[in-house]
Amino acid sequence: MPQPIYLDYNATTPVDPAVVAAMMPYFTDHFGNPHSEHALGSVARTAVEAAREQVAGLIGAGPGEIVFTSCASESINLAVKGVALARGRGHIITSGIEHPATLQACRYLERQFGFALTVLPADGRGRIDPEAVRRALRPDTILISLLHAQNETGVIQPVAEVGRIAREAGVLFHVDAAQSCGKIPVDVAEIGCDLLTVAGHKLYAPKGVGALYVRRGVALHPLIHGADYEEGRRAGTENVPYLVALGRACEIAQLKLATGESRRLAELRDRLESRLTAALPVRVTGEGAPRLPNTLHLRFAGLAGNDLLAAAPEVAASTGSACHAGVSEPSAVLLAMGLDADDALGAVRLSLGRFTTPEEVDAAAGVLIAAARRLSGGA
């Protein structure tokens, strides 16, 4: 069976061949521990610091402000729990459309340590209102944690506005940029954040590597204790090949952003959207709101997203909903936007990427249209 058309880049990306080429020598020739004093250690240490500079370059940070982690979930946990445990008590603001890593970390702090928590809703387009953030502030607020772009809907959040509010209030601001880094420009100074999460496998590096930007002067309680690495913020010998891969991926992403990749993806996304909306009764989630250039989130009237994708195996995509023992559950993100359960169950996310072609977009549109018509009893 031929490989399906891959339209699930928001779930994970294939590793770019140039990234694979960069990392491979560090499995074999340059295998030293970067904390060893001999020549092999020096080569590894130089590679790690070069990767730190490459990651920093993508987001406008200083190399010393980059903490390497195993994944975005660890970065988020380090940001949220690290700030909270360094402070000891206080109030945290987040939203109902966050990644589970953020919501569960916040709930853990609320349950285990008594931190106060405010979870803000999104509007019908999937956007957080900055003024709602302002109204939620309290004298004891220590942290605001919001995502930059929602992974299911692709809707971009007004993080720069929230950043200004946070600075005025003297509150730390964490941004989960796992989905936005590499797709749109991300600059920590323009956003005005104190912490920012980067995910390797969302920008053509391997799974199992990530980073956290930590503005100089921000105190974090470490989650992993041991040797005094990463300026005391994370113990554990560095995964040198994967850090090299993350650095090279960030370098490539920065080049792609400068040479029009976002525009190319937006054109393909709009092409797919126009074909599907012209042929089928579908609604575009986040219509009218700023969206990631590669992401198309649709709700198919009268159909379950899981059923549609099962009827179109030639396309690899996702719904954003959970399926347990054959029973589909609506996405918590869509419910937090105020959608009803039936509407949410009709959702399908189509996310494009670096290797998506116009021919694949046209073929996928045809497959999905045919599958939807079969399920609806049409020709």
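Arrange the peptides 306-314, 145-153, 201-209, 86-94 so that the one whose residues have, on average, the most other Cβ atoms within 10 Å appears first. Display every interim value, and only then the final one.
Working: 306-314: 17.3, 145-153: 26.3, 201-209: 23.2, 86-94: 18.9.
The packing order, highest mean first, is 145-153, 201-209, 86-94, 306-314.
Carbon and sulfur: what percent of region 1-46's accessible surface (1.4 Å probe)? Kindly include the intermediate steps, with their values, before the conclusion.
Details: 1720 of 2660 Å².
Reported share for carbon and sulfur atoms: 65 percent.
Starting from the Cα gyration tensor of region 170-246, take the square roots of the eigenvalues, sort them a ≥ b ≥ c, and report rounded, prolate or oblate (rounded when a/c is under 1.5, otherwise prolate if a/b is larger than b/c, else oblate).
Numbers: a/c = 2.50, a/b = 1.05, b/c = 2.38.
Judged from the Cα gyration tensor, region 170-246 comes out oblate (a/c at least 1.5, b/c at or above a/b).
Please calculate how many Å² of accessible area region 212-329 carries per residue, with a 1.4 Å probe and no DNA, RNA or ligand atoms counted.
On the way: 5370 Å² over 118 residues.
About 45 Å² of surface per residue is accessible.
What do you get when you divide the Cα radius of gyration of region 111-268 by 2.2 N^0.38 Å, with N the number of residues? Write down the numbers at each step before the final one.
Details: Rg = 17.1 Å, N = 158, 2.2 N^0.38 = 15.1 Å.
Rg over 2.2 N^0.38 Å, computed on Cα atoms: 1.13.
Measuring from label point to label point, each 7 Å out along Cα→Cβ, what is the Arg134 to Leu40 span in nm?
5.9
Using a simple spin-label model with points 7 Å from Cα along the Cα→Cβ vector, what separation in nm is obtained for Glu359 and Arg125?
Spacing of the two 7 Å Cα→Cβ label points: 3.8 nm.
Amide H to amide H, which residues 5 or more places from Phe173 or on other chains are under 5 Å from it, using H placed in the peptide plane?
Ile144, Asp194, Leu195
For the chain, report the % of Cα-Cα distances exceeding 28 Å. All intermediate terms of the calculation are to be shown ahead of the outcome.
Values: 33527 of 71631 pairs.
In whole percent, the share of Cα-Cα pairs in the chain beyond 28 Å is 47.
Where the accessible area of region 92-242 is counted over protein heavy atoms with a 1.4 Å probe, how much of it, in %, is carbon and sulfur? Let's see the in-between values first.
Numbers: 2830 of 5750 Å².
The computed percentage sits at 49.
Name the shape class, rounded, prolate or oblate, that the alpha-carbon gyration tensor gives for region 197-236, where a ≥ b ≥ c are the square roots of its eigenvalues, rounded holds for a/c under 1.5, and otherwise prolate holds if a/b is larger than b/c and oblate otherwise. Intermediate results must be reported in sequence, preceding the final value.
Values: a/c = 3.17, a/b = 1.61, b/c = 1.97.
Oblate shape, in that a/c is at least 1.5 and b/c is the bigger or equal ratio.
Give me the Kirkwood hydrodynamic radius of region 206-331 in Å, from all C-alpha pairs, to one decimal place?
Hydrodynamic radius (Kirkwood, Cα pairs) of region 206-331 is 19.0 Å.
Lys pairs in the chain, Cα-Cα under 22 Å, at least 8 apart or on separate chains: how many? Mind dumping the intermediate values first?
Numbers: Lys183/Lys202; Lys183/Lys207; Lys183/Lys256; Lys202/Lys256; Lys207/Lys256.
Value for the chain: 5.
Return the FRET efficiency for the residue pair Asp29, Ala341: r is the Cβ-Cβ distance, R0 is 41 Å, and the value is rounded to the nearest 0.05.
Working: r = 55 Å, r/R0 = 1.34.
Given R0 = 41 Å and the Cβ-Cβ separation, E is 0.15.
What translational diffusion coefficient, to the nearest whole µm²/s, does region 106-197 have by Stokes-Einstein, given a Kirkwood radius computed over alpha-carbon pairs, a temperature of 20 °C and 1.002 mPa s viscosity? Can you show the working numbers first?
Values: Rh = 13.7 Å.
Rounded to a whole number, D works out at 156 µm²/s.
Quick one: if the Förster radius is 56 Å, what FRET efficiency do Glu231 and Gln3 give, using the C-beta to C-beta distance and rounding to 0.05? Numbers along the way, then the final one.
On the way: r = 43 Å, r/R0 = 0.77.
Computed FRET efficiency for Glu231 and Gln3 comes out at 0.80.
Which value, in Å², gives the accessible area per residue of region 1-104 when a 1.4 Å probe is used on the protein heavy atoms?
On the way: 4330 Å² over 104 residues.
Computed with neighbouring chains in place, this is 42 Å² per residue.
Going by amide H atoms built from the backbone, whose H comes under 5 Å of the H on Thr141, apart from near neighbours?
For Thr141, whose amide H was placed from the backbone, the distant partners under 5 Å are His91.
Kindly provide the helix-only [θ] at 222 nm of the chain, computed as the sum of -39,500 (n - 2.57) over DSSP H runs of four or more divided by all residues, to the nearest 500 deg cm²/dmol?
Values: 14 runs with 156 residues, N = 379.
It comes out at -12500 deg cm²/dmol, rounded to the nearest 500.
Over region 13-60, how many percent of alpha carbon pairs lie in each 5 Å bin up to the one with the longest distance?
Whole-percent P(r) values from 0 Å outward: 5, 19, 21, 24, 18, 9, 3, 0.
May I ask you to give the solvent-accessible area per residue for region 125-189, in square angstrom, as obtained with a 1.4 angstrom probe?
34
The values are calculated or read from the model by the stated rules, or taken from the named source; none is laboratory data. The shown structure was predicted, so the numbers you read here are calculated from the model rather than taken from an experiment. Positions of Cβ are generated from backbone atoms using ideal geometry, with glycine treated the same way; all protein chains shown enter the neighbour counts. Side chains included, ligands, DNA and RNA excluded: accessible areas come from the protein's heavy atoms. Shrake-Rupley method; radii C 1.70, N 1.55, O 1.52, S 1.80 Å.
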